[in-house]
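Below is one structure; the comments refer to it alone.
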Amino acid sequence: MLKLKLRDWIVFITIIIVTAFLDLYTKKLAFEYVKSKGNMVEVLPILNLVTVNNHGISFGMFQNPEYGKIIFTLLALIISAYLIWNMIKENKLILTIATAGIVGGALGNVIDRIINGSVADFLDFHYREYHWPAFNLADSWIFIGVFIILLYDLFWNKKTKNTEV
């Protein structure tokens, strides 16, 4: 049966709201700060704050602003719906937390894309002239959530499935 405890729903919704809010707020702060200082602000020898308007998806792929807004918004919503369904089916708190991080991050990027037509990226990690593609907190929440789900599926979930056989 597909059922989550009230506590899990409260955790889920709280994480979504907090992660989406923090993502949107840090984008706003970072863009305002960097624009007031020029094009780039060095925070650490390996970290700059920059302003990148990403019309595509992760790592700047698929930069077609004409259809990207609709396609990537729908894709984020479909993936989020699937993850929520899977989270409810599994009924595990760790999956609830991970899924909420992913959905909150996706929601932050979807709101940004709808309002601004692109996703604001501002974290630029680099080593000398080698730069990782710029990203934001939403991307981090999504990455962490996916990583937790993969760990769960690879290690903890296998133990459960093996004992059920």
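Brief remarks on what is shown
- Restricting the stretch 59-73 to residues that are at pLDDT 75 or above and farther than 18 Å from residue 16 by Cα, the residue that is surrounded by the fewest Cβ atoms within 10 Å (Cβ to Cβ): 70
- Enumeration of residues in the stretch 14-42 that are outside any helix (DSSP H, G or I) and aliphatic (A, V, I, L, M): 40, 41
- No other residue among 143, 147 is open to solvent by 90 Å² or more (accessible area, probe 1.4 Å), within 24 Å of residue 48 (Cβ to Cβ) and either at pLDDT below 95 or part of a helix (DSSP H, G or I) (or both) apart from 143.
- In the stretch 93-140, residue farthest from residue 48 (Cα to Cα) [restricted to those that are polar (S, T, N, Q) and not in a helix (DSSP H, G or I)]: 118
- When residues in the stretch 35-58 are screened for being among the hydroxyl-bearing types (Ser, Thr, Tyr) and modelled with pLDDT under 95, 1 of them pass.
The values are calculated or read from the model by the stated rules, or taken from the named source; none is laboratory data. From a predicted model like this one, the values you see are computed outputs, not experimental measurements. Using ideal geometry, Cβ is built from the backbone for each residue, glycine included, and neighbour counts are taken over all protein chains shown. These area figures cover heavy atoms from the full protein model, side chains too; ligands, DNA and RNA do not enter into them. Shrake-Rupley method; radii C 1.70, N 1.55, O 1.52, S 1.80 Å.
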